[in-house]
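Remarks on the structure that follows.
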Amino acid sequence: MIVDTHTHLYLPEFESPSAAVERAIGAGVGHMVFPNVDLSTIEPMLALHKLYPDNTSVAMGLHPTEVGDDWESVLARIESEFDSTCKFVAVGEIGIDLYWDKTYRLQQREVFRRQVNWAADRGLPVIIHCREGLDDVLDVLSSVERLPTGVFHSFGGSVADVERIRSIGDFYFGINGIVTFKNSSLRDVLPAIGIDRLFLETDSPYLAPVPHRGKRNESAFIVHTAAYVANVLCLSQQDVHDITTANASSLFNLEL
Ligand SMILES: [Zn+2]
């Protein structure tokens with residue numbers, strides 16, 4: 001079994017989200033973690049989770065690219081979701097993204113810091129989205145009183161970045177289709193991460209792995225990333241499935 005630790009199959013790109021979940025299950029993806037994006041994604045995400053409670057888990061948080069002038073009221077509404085009966089396995093996805101827009105950099109830092117504290121308060125891990133924001137992410141993480149566990153999702157950094165992150169805490173690294181791209185140097189970073197701190201993810205509907213590159217991604221395609229990682233690390237595909245599943249189960253406390 002494979003766990004897709006980061007997938008947004010509930011987004012409107014999927015005309016039938018349940019069909020996408022079922023194709024994933026058919027491909028051996030026994031479990032999927034859905035991270036939230038903003039206020040508009042909560043309802044479709046929870047609806048899809050309720051249809052497949054054993055095969056999916058949900059994380060709650062505000063994505064950094066969705067931080068705007070109304071961030072305080074949005075954040076309050078997102079935090080109130082933790083009072084519902086729904087069980088969230090992580091706070092996410094949260095972080096810093098300065099690739100698209102640097103306007104809200106200070107607000108992104110504050111929103112990230114608050115959500116890191118939510119995780120520490122609740123004993124949950126964080127799912128970190130970091131795009132051109134590693135300095136800020138590490139600065140916030142090293143300034144909080146209690147550091148939660150977590151994963152750097154869609155990791156695309158260097159060996160030096162892995163070392164900088166590890167100097168702050170013992171984090172996992174989410175590897176997706178980027179690793180299969182011809183021009184990606186990520187394959188050289190996998191040995192530094194090591195299979196014991198590695199997750200497989202798709203970030204569907206984005207970043208489809210080769211041979212689906214450029215198309216809409218879905219969780220079923222994770223098998224290509226798994227095969228690629230096995231090849232680079234000289235492990236059997238079964239070992240990669242088993243170890244990354246155990247890693248995900250351990251961080252997110254999944255009942256698999
Ligand atoms: Zn995402």
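The values are calculated or read from the model by the stated rules, or taken from the named source; none is laboratory data. Everything numeric here is computed off the predicted structure, so don't read it as measured data. Positions of Cβ are generated from backbone atoms using ideal geometry, with glycine treated the same way; all protein chains shown enter the neighbour counts. Heavy atoms of the whole protein, side chains included, go into the accessibility calculation; ligands, DNA and RNA do not. Shrake-Rupley method; radii C 1.70, N 1.55, O 1.52, S 1.80 Å.
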ask   = Which numbered condition trips up A208, out of (1) touching a Phe, Trp or Tyr at 6+ places or on another chain (Cβ under 8 Å); (2) within 16 Å of the ligand (Cβ to nearest atom); (3) in a helix (DSSP H, G or I); (4) of a type in the set (A, V, I, L, M)?
value = (3)
key: Options R146, R187, R213: the member that is in a loop (DSSP other than H, G, I, E, B), away from the ligand (no atom under 16 Å from the Cβ), of a type in the set (K, R) and over 25 Å from V116 (Cα atoms)   = R213
Scan of region 70-106 for residues that are β-branched (V, I, T), away from the ligand (no atom under 16 Å from the Cβ) and either open to solvent by 60 Å² or more (accessible area, probe 1.4 Å) or farther than 21 Å from L46 by Cα (or both), ordered by number = T85, T103
inquiry  = Looking only at region 14-53, filter to residues that are part of a loop (DSSP other than H, G, I, E, B) and either within 18 Å of the chain's Cα centre (by Cα) or of a type in the set (V, I, T) (or both); which one of those is nearest to the ligand (Cβ to nearest atom)?
reply    = V37
query = Name the pairs: first residue in region 149-168 and free of Cβ contacts under 8 Å to residues at least 40 places away in the same chain, second residue aliphatic (A, V, I, L, M) and open to solvent by 60 Å² or more (accessible area, probe 1.4 Å), Cβ to Cβ under 9 Å, at least 6 apart or on different chains?
reply = I168/L147
request  = Check off (1) within 18 Å of the chain's Cα centre (by Cα); (2) surrounded by fewer than 24 Cβ atoms within 10 Å (Cβ to Cβ) for R109 and give me the number that stays unchecked.
outcome  = (1)
Hey, R122 among the basic types (K, R), open to solvent by 20 Å² or more (accessible area, probe 1.4 Å) and away from the ligand (no atom under 16 Å from the Cβ) or not = yes
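Tell me yes or no: at least one residue of region 157-165 is under 19 Å from I2 (Cα atoms) and modelled with pLDDT of 95 or more.
The initial filter retains those residues of region 157-165 that are under 19 Å from I2 (Cα atoms), namely none.
Looking through region 157-165, none of the residues is under 19 Å from I2 (Cα atoms) and modelled with pLDDT of 95 or more.
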request  = Could you tell me whether any residue of region 59-77 is of a type in the set (S, T, N, Q) and part of a loop (DSSP other than H, G, I, E, B)?
outcome  = no
